[in-house]
Every structure is written in C-alpha cells, then in structure tokens.
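**Q** Below: one structure in structure tokens.
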Amino acid sequence: MSHDHDHSDLSDIELRVRALETLLTEKGYIDPPALEALIETYETKIGPKNGATVVARTWVDPEYRDRLLEDATAAIAEFGFTGRQGEHMVAVENTDETHNMVVCTLCSCYPWSVLGLPPVWYKSAPYRSRAVSDPRGVLEEFGVRLPQGKHIRVWDSTAEVRYLVIPQRPLGTDGWSEDGLAALVTRDSMIGTGLAIDPLHKEPTA
Amino acid sequence: MNGAQDLGGQMGFGPIETEKDELNFHAGWEERAFAITLAMGATGTWTLDASRHAREALHPADYLSSSYYEIWTKGLERLVVTHGLATDEELKQAKVLVPAKPIKRVLKVEDVADVLAKGAPVDRPRQQAARYRVGDRVHTKRMHPVTHTRLPRYARDVAGRIEVIHGVHVFPDANAHDKGEQPAWLYGIAFKGTDIWGPDSDPNLSLRLDLWEPYLDLA
C-alpha cells in the first residue's frame, strides 16, 4: 500500500498505525480505553517476575515441583498466572545432563502469562533461524558455555503449548528465602538462553 | 506455506542482537500496533491462526525487512481489508468512507483483565481415539502446502518418537482458512538433531516439536 505523506514528520509506519487506529475506532470496532488497559497490563502487571516466582517455589518445594512437572498450567495457576499465551503450559527442567532452550521458529510464540512479552531478539530472524540448528553457538553468544558432552534439547513452539524452562538452582543458596532465590532467576534463564545468577560469581544478565 | 516466516535452519542472518534496556515497546506506534492488534483479535472476526497466516503471507522481502510490530501492522491491514472491515482506500486516506460492518463483539475496557486472564484455550473434546501412542516412531510428512501450516520445513520428512500426547487441539491448517477448527490429536515429538541436520551435526542435540496427527505417518 502506498501513502502520499512524504512531507510529513511521521514515518510511513507511524502513519499506517495511526490510520488503522483512527479508522477502527471511528467505525466502532475498538473501545479506545481498552487499548490503554492492554498496554498497561503488559507494561506493569505481567512480566518475568511471574515466572521467577514459579521457579523459586519449584526450588524450595519438591511437592510443588512435582505438580508443576505433572501439570504446569494448573500449578502456575496456583499463583493466579493464567490466560493469554499461557493456556497450555509445560515446564521443562534443566539437569546436570540436559539443558533446555525454547524458540518459536515460525513466529514468536512465548509464554506471556509467566514471562510477559518477548524481547526483540527472541522474535528476530537470527535467533529463530539458528536456535534449532546451532543452539550451542547461540548460547555462546549469550555468554553461556555448556560442557561439550551436555545434551541440549530445543523446544520449538509449533503449537499452542508454551514452555517454561526451570533453570538449575545455583549452588550455595541453601536456606535462601523464596524472594532471594527469585531474584536469581533471570528471564533468559527461563527461556534457556541463560542460567540462573550464580551468587558467588554474580554477572549482570538479562 | 513456505514463507519467510519459516526460519528454522536458515543461514546468514548474523549474530543475535540483544539490547541493554529491552523495552517492550520502542516507540509510541509500537504500543498502538500491539494494542489494536489484540483488540481486533478479541472481536472474533478472525482466528489467531488466520492472523499468523496474514503475517507469513507478506512478501518475503517485506517480511524480512520489517520490524516485529511492522509485520503485525501489515498483517492487520490485510485482515481488516479481507474481512471487509475497512477498504484499502480508507486506510490510504485514514478516513471512514463506507459504513462499519457489524462485528461479533467489541473488547470493552472493563473486560480486558478478564479476557486476558481467561485466554483462549485450544484443547477440544476427544471424539476419536489417538492414532499413535507414546513411544511410537513416526515420520513427518513430506508436504509443501501453499496454505498455513505449523510443520516447519526443517522438520518435514523426518523420523521422530512420540514422547507425550497433549490431547486434541484446534488444527491451525484448517482454522487459518475459515474451514473450522477440525480438532486433531497433538503430539510432542522428539527428533535427534542428527536426523534433521545430518551426521556431521551436534550429536548432543535433540529437538522437541508439537505436531498434529495429520502431519504424521507411522515410521
């Protein structure tokens, strides 16, 4: 579609979005305050803190861990984290033998209910193309070097099932509170492109 | 369809670019594009699968050179035009030229929290027995539909093993094209990396995909 707004200060895409919003609102398809509520929800209410809460509970409560691995949707709903892009949740646990990593090669499927909206890199061609064919190389770009013999399992989100990686609990955290533990759980560690923060060698990761 | 969206295994995109702040939105228009796309999805005029198809049907050069919310915006433009909610001319002029078409519902501000908390589960009642069992070796079909599919190219014509049966889920290949939900059994299938990428690839890699029964044959 072409636009004849070459002299405007607004870019083509800004004009297109504005045109859509104006038209759809004027035609009565959209309730404008609902737009603000949608944005506010993902800016302020739903984000990786949800997932970190789940992971920390998993680390301290073996019965919760079992429930989570059995039926993640129900176990996550115990915290009230439900709904859009989290309707069918599966939790996958990292172990000494296996590292898990999540991608959506076909679009940008991501567990919104526990992690919020995906970061730009997760939706980008470099990650989506290479996560399935060269995950070890991808991990190195994220500063994660796994032992050569460690198995990597990549979960391509091809259906409406959404995956939450349960990172390994860092050593030296015995007796830590759930809140303290949750602060070690990075978003990337729940996608599988990172590890939980090691409190002995604290590194700034996303 | 074998569009630009089917990125698994493609090469040449370079390193992954992470950002420092990683904001959800990088400009005001991205917020608006996000919100109007969700709000219009909630009207029930098209399915989530149809909206994915609208994005993947963009010209590959356009898809690959567009940012994420640009892709959403271009997909939404297609959807509103093909469903008769607006015309190309209206989009061009940003002006209402033809009357609104009746739609099923409008997402009201007071319903936003509920709608998001409920989501839209896609599991459906089981009406026939599953064809495969956990442990079965299956082979994905060699297929190249021109329509929407969720079987990526890199995972076609490959043998794998069923690890879990998720139940019966809406079948995107039908649901994207106004053919109804046609629910089908959905399986979690493990593939050896070497079966997909060849004998020289990482021997310690496996892949897990969720695939519907119509994509599969017994190996």
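**Q** Answer yes if at least one residue in segment B:47-55 is more than 8 Å from every other protein chain (Cβ to nearest Cβ), under 25 Å from B:Leu151 (Cα atoms) and part of a loop (DSSP other than H, G, I, E, B), and no otherwise.
**A** Within segment B:47-55, one or more residues are more than 8 Å from every other protein chain (Cβ to nearest Cβ), under 25 Å from B:Leu151 (Cα atoms) and part of a loop (DSSP other than H, G, I, E, B).
**Q** Then there's this: Scan segment B:161-174 and report the pairs whose first residue is within 9 Å of chain A (Cβ to nearest Cβ) and whose second residue is of a type in the set (Ser, Thr, Tyr) and part of a strand (DSSP E or B), with Cβ atoms within less than 9 Å and a gap of 6+ or a chain change.
**A** Hits for this filter: B:Val164/B:Tyr187; B:His166/B:Tyr187.
**Q** Could we say that B:Gly8 is more than 7 Å from every other protein chain (Cβ to nearest Cβ) and touching a helix residue (DSSP H, G or I) at 6+ places or on another chain (Cβ under 7 Å) here? Working first, answer last.
**A** Details: more than 7 Å from every other protein chain (Cβ to nearest Cβ): no; touching a helix residue (DSSP H, G or I) at 6+ places or on another chain (Cβ under 7 Å): yes.
Spelling it out, it is not the case that B:Gly8 is more than 7 Å from every other protein chain (Cβ to nearest Cβ) and touching a helix residue (DSSP H, G or I) at 6+ places or on another chain (Cβ under 7 Å).
**Q** Return the residue satisfying two criteria in turn: it lies in segment B:109-133 and is assigned to a helix (DSSP H, G or I) and among the charged types (D, E, K, R), and of such residues it is nearest to A:Lys45 (Cα to Cα). Even if it seems obvious, please write down each step before you answer.
**A** If we filter segment B:109-133 for residues that are assigned to a helix (DSSP H, G or I), which is where we start, we get B:109-118.
With among the charged types (D, E, K, R) added as a condition, the list becomes B:110-111, B:114, B:118.
On the way: B:Glu110: 16, B:Asp111: 16, B:Asp114: 14, B:Lys118: 15 Å.
It comes out as B:Asp114.
**Q** State the number of residues belonging to segment A:85-109 that are surrounded by 19 or more Cβ atoms within 10 Å (Cβ to Cβ), assigned to a loop (DSSP other than H, G, I, E, B) and without any contact (Cβ under 8 Å) to a residue 60 or more places away in the chain.
**A** Count: 6.
**Q** Keeping to segment A:110-125, report how many residues are polar (S, T, N, Q) and either buried (at least 21 other Cβ atoms within 10 Å of the Cβ) or under 19 Å from A:Gly86 (Cα atoms) (or both). Step through it out loud before you land on a result.
**A** At the first step, the residues of segment A:110-125 found to be polar (S, T, N, Q) are A:113, A:124.
Of the ones still in play, those that are also either buried (at least 21 other Cβ atoms within 10 Å of the Cβ) or under 19 Å from A:Gly86 (Cα atoms) (or both) are A:113.
Number of matching residues: 1.
**Q** Only one of these is of a type in the set (A, V, I, L, M) and at the interface with chain B (Cβ under 8 Å from one of its Cβ atoms): A:Ala34, A:Ala75. Name it. First the steps, then the outcome.
**A** On the way: A:Ala75 fails: at the interface with chain B (Cβ under 8 Å from one of its Cβ atoms).
Being of a type in the set (A, V, I, L, M) and at the interface with chain B (Cβ under 8 Å from one of its Cβ atoms) holds for just one of A:Ala34, A:Ala75, which is A:Ala34.
**Q** Considering only segment B:195-214, state which residues are more than 7 Å from chain A (Cβ to nearest Cβ), surrounded by fewer than 21 Cβ atoms within 10 Å (Cβ to Cβ) and in contact with a strand residue (DSSP E or B) (Cβ under 8 Å, 6 or more places away or on another chain).
**A** Step one: of segment B:195-214, the residues more than 7 Å from chain A (Cβ to nearest Cβ) are B:195-196, B:198-201, B:203, B:212-214.
Okay, now just the ones that are also surrounded by fewer than 21 Cβ atoms within 10 Å (Cβ to Cβ), so B:195, B:198-201, B:203, B:213-214.
B:Asp195, B:Glu213, B:Pro214 - these are the residues of segment B:195-214 that are more than 7 Å from chain A (Cβ to nearest Cβ), surrounded by fewer than 21 Cβ atoms within 10 Å (Cβ to Cβ) and in contact with a strand residue (DSSP E or B) (Cβ under 8 Å, 6 or more places away or on another chain).
**Q** Under 6 Å between Cβ atoms, which residue pairs at least 6 apart in sequence (or on different chains) link something in segment B:5-30 that is within 28 Å of B:Val146 (Cα to Cα) with a partner that is of a type in the set (D, E, K, R) and not in a loop (DSSP other than H, G, I, E, B)?
**A** B:Gln5/B:Glu56; B:Asp6/B:Arg153; B:Leu7/A:Arg128
**Q** Name the single residue, out of those in segment A:44-66 being within 12 Å of chain B (Cβ to nearest Cβ) and touching a helix residue (DSSP H, G or I) at 6+ places or on another chain (Cβ under 8 Å), that is farthest from A:Pro118 (Cα to Cα). First the steps, then the outcome.
**A** Let us first name the residues in segment A:44-66 that are within 12 Å of chain B (Cβ to nearest Cβ), namely A:44-48.
Then keep just the ones that are touching a helix residue (DSSP H, G or I) at 6+ places or on another chain (Cβ under 8 Å); that gives A:46-48.
Working: A:Ile46: 12, A:Gly47: 9, A:Pro48: 10 Å.
Only one residue fits best here, namely A:Ile46.
**Q** OK, next. What residue, among those in segment A:126-172 that are at the interface with chain B (Cβ under 7 Å from one of its Cβ atoms) and among the small types (Gly, Ala, Ser), is surrounded by the most Cβ atoms within 10 Å (Cβ to Cβ)?
**A** The selected residue is A:Ser129.
FYI, it's all coordinate maths here, none of it is from the lab. Bear in mind the structure is a predicted one, so any value in this text is a computation, not a measurement. No Cβ is skipped: glycine too gets one built from the backbone with ideal geometry, and neighbour counts run over all protein chains shown.
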